[in-house]
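One structure is given below, encoded as structure tokens.
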Amino acid sequence: MAKKKLKQTLNDSHRVATSDDIEVSTYLEIAKEIGGEQPVAAKEAIPEAEREAIIVIDFGSQYSMLIARRVRECQVYCELVSYDTPWEKIAPLNPKGFILSGGPASAHEPGAPLAPAYIYESRLPILGICYGMQVLTQQLGGRVAPGTKHEYGHAILHLSEVDSPLFADLPASTPVWMSHADRIEEMPPGFTSLAHTENSPIAVMGNKARIFGLQFHPEVAHTPEGKTILKNFVYRICGCQGNWTIGNFIDESISSIKEQVGKGKVVNALSGGVDSSVVATLIHRAIGDQLTCIFVNHGLLRREEVERTFNVFRLNLGMNIIYVDASKRFLDCLKGITDPEMKRKIIGEAFIKVFEKEAKKIGKVDFLAQGTLYPDVIESASSGSKASAKIKTHHNVGGLPAKMTLQLLEPLRHLFKDEVRQVGLALGLPEEMVWRQPFPGPGLAIRIIGEVTEEKLEILRSADYILMNEIKKAKLYRQLWQSFAVLTDVKSVGVMGDYRTYGYLVAARAVTSDDAMTADWARLPYDILARISNRIVNEVPGVNRVVYDITSKPPSTIEWE
Ligand code: XMP
């Protein structure tokens, strides 16, 4: 019975959507919670004096996060908040304007989510996008009705009010991306139509109080002038200065880390992934030797990975690093284990134990650094604590000792992944590290089907090294979300010279993706596939066949386990 329950909970969820380092940080967070500690929110890194922000009120569109990214690309700080967020949470950001996102609801139906009253009372500029436009129409006394035609895809926008500041630098006609069923039947009093498309007489509307509505999506790439419209809104209409730059972010973070940490000590689990590397570098810049990184080598890393990470951080950046080679311990724990979820659980448990032992040696530590990113923050704000959800999967891992009461230090919690990369580059991290493809926390253990052994790890490392080498030589590395080799537990017959062989089957996997939630198999050129296959079969003893995985996610996953 207990076994069945364990299996069930293990199968609930293990996949990680965004961050390549998240597994490690999640284990630590869980351990702390088990140790009776509640996570402490990190301090904001934006100084009060020059604070300005655009607030995106989120009605659940798949593009909401994209709006925030686009605004930040205009060098204006932007946060995404749920439509029921109280004013007290927003006021400290010093908002200069609001954007109402799209969403799946119908504004004319009872119970549809509405914009909070304070956005109208604030007298700040408002830009409603799609559902956001319909909401403000409804709330300000206009009328929204179900459209007879669903308008989806490309349309041509024709400007009627070319002098509107929203349209500065725009041609008189421009393609836009539509996706809506409802339409504005009657604009609220005081509004005029500023632009139309063939099917939408009111594709853009506005009033003198600087409230605007767009029926189309300016945030998507299919609206080529969309960024200009958003830029016009934040600069010409909201009057933003544009102080959200990577340089400013780094300066501000450094002073806020110094202030927060004081004379305290910080510990960081370094994995060589982008997020933990940037976190370590930023904190090191701020507080130097008060930071200690613990680098646990679980023996499931790729060839040269340990050396590369170590060289960058210890030799180039001069960081305090405790390096622990725990490969034997992890391999012993994995002996005889074939179930993928069991592998993950065992690796997680062993990781906590090793980390705990090493951290104890440092003496009193005050902060645990984590590479939490903005999408994780948004996600956990909307769906409760991610860590506590994961406890279901890892409920019996050992916690860090209760006396180790650590506060979280999360200097990247306001950043998107692309911003993290820019920070990494600006801090002088090598491109190779900053553009590293995601690599799962349990490492090669979930790329070896069946039992993990030292012999299989060596075979996989050699095959993976060749694949990566060819991908990099062909300059495809950055275009691919992930590319790697998998060692299957299939053996097949081959012939080499005069001998028959009976060797392993290696699968090559390469995918394109934006966020790992969905992925497409990469159409790698045949000659590159041929080189990968030839080299693996010729150079890796024990392998006599290579196949290429041509399934997308869904229905497959990116990893094989
Ligand atoms: P899947 O295989 O679910 O993978 O399509 C989605 C992304 O998550 C990574 N992944 C993991 N990362 N611990 C991690 O830190 C894990 O247990 C794990 N499993 C999958 C995978 O590499 C891909 O980027």
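Data for the structure
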| item | result |
| --- | --- |
| Test: residue in the range 507-524 that is open to solvent by 30 Å² or more (accessible area, probe 1.4 Å) and more than 16 Å from the ligand (Cβ to nearest atom) | yes |
| Selection count, the range 97-133, where residues are within 30 Å of the chain's Cα centre (by Cα) and either over 19 Å from G226 (Cα atoms) or not aromatic (F, W, Y) (or both) | 23 |
| Helices (runs of 4 or more DSSP H) wholly inside the range 263-345 that include at least 1 residues being out of contact with any helix residue (DSSP H, G or I) (no Cβ under 9 Å at 6 or more places or on another chain) and at pLDDT below 95 | 305-310 |
| Selected residue (criterion: farthest from L127 (Cα to Cα)) from residues of the range 166-204 that are among the aliphatic types (A, V, I, L, M) and within 34 Å of the chain's Cα centre (by Cα) | A181 |
| Out of V354, V377, sole residue that is at pLDDT below 90 and either out of contact with any helix residue (DSSP H, G or I) (no Cβ under 8 Å at 6 or more places or on another chain) or not polar (S, T, N, Q) (or both) | V377 |
| Residues of the range 491-504 classified as open to solvent by 70 Å² or more (accessible area, probe 1.4 Å) and of a type in the set (F, W, Y), total | 2 |
| Answer residue from the range 409-422, given it is open to solvent by less than 10 Å² (accessible area, probe 1.4 Å) and outside any loop (DSSP other than H, G, I, E, B) and is nearest to the ligand (Cβ to nearest atom) among those | V420 |
| Residues (more than 15 Å from the ligand (Cβ to nearest atom) and among the β-branched types (V, I, T)) located in the range 423-460 | V423, V434, T453, I459 |
| Search result, residues across the range 447-485 that are surrounded by fewer than 16 Cβ atoms within 10 Å (Cβ to Cβ) and among the hydrophobic types (A, V, I, L, M, F, W, C) | A474 |
| Qualifying position, being among the charged types (D, E, K, R) and part of a strand (DSSP E or B), among R478, R545, R535 | R545 |
| Residue satisfying all of: in the range 525-552; out of contact with any Asp or Glu (no Cβ under 8 Å at 6 or more places or on another chain), without any contact (Cβ under 8 Å) to a residue 60 or more places away in the chain and within 16 Å of the ligand (Cβ to nearest atom); nearest to L467 (Cα to Cα) among these | I550 |
| Evaluation of V162 against (1) at pLDDT below 95; (2) over 14 Å from L194 (Cα atoms) (one fails), failing number | (2) |
| Residues of the range 87-117 satisfying the condition of being open to solvent by less than 60 Å² (accessible area, probe 1.4 Å), part of a loop (DSSP other than H, G, I, E, B) and free of Cβ contacts under 8 Å to residues at least 60 places away in the same chain | S101, G103, A105, A112, P113, A115, P116 |
| The lone exception for T488 - which of (1) farther than 24 Å from S271 by Cβ; (2) surrounded by fewer than 21 Cβ atoms within 10 Å (Cβ to Cβ); (3) more than 16 Å from the ligand (Cβ to nearest atom) it fails | (3) |
| Given (1) over 23 Å from Q241 (Cβ atoms); (2) open to solvent by 20 Å² or more (accessible area, probe 1.4 Å), number of the condition G128 does not satisfy | (2) |
| Number of the exception - E539 against (1) surrounded by 14 or more Cβ atoms within 10 Å (Cβ to Cβ); (2) of a type in the set (D, E); (3) over 29 Å from the mean Cα position of the chain (by Cα) | (1) |
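The rows are residues; the columns are (1) touching a strand residue (DSSP E or B) at 6+ places or on another chain (Cβ under 9 Å); (2) closer than 22 Å to E559 by Cα; (3) among the hydrophobic types (A, V, I, L, M, F, W, C); (4) within 14 Å of the ligand (Cβ to nearest atom).
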| position | (1), (2), (3), (4) |
| --- | --- |
| K328 | no, no, no, no |
| M342 | no, yes, yes, yes |
| K357 | yes, no, no, no |
| K360 | no, no, no, no |
| V377 | no, no, yes, no |
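The values are calculated or read from the model by the stated rules, or taken from the named source; none is laboratory data. Not measured: the values here are computed from a predicted model. Note that each Cβ is placed from the backbone with ideal geometry, even for glycine, and that neighbours are counted across all protein chains shown. When the accessible area is computed, the model is the full protein with side chains, heavy atoms only, and any ligands, DNA or RNA have been set aside. Shrake-Rupley method; radii C 1.70, N 1.55, O 1.52, S 1.80 Å.
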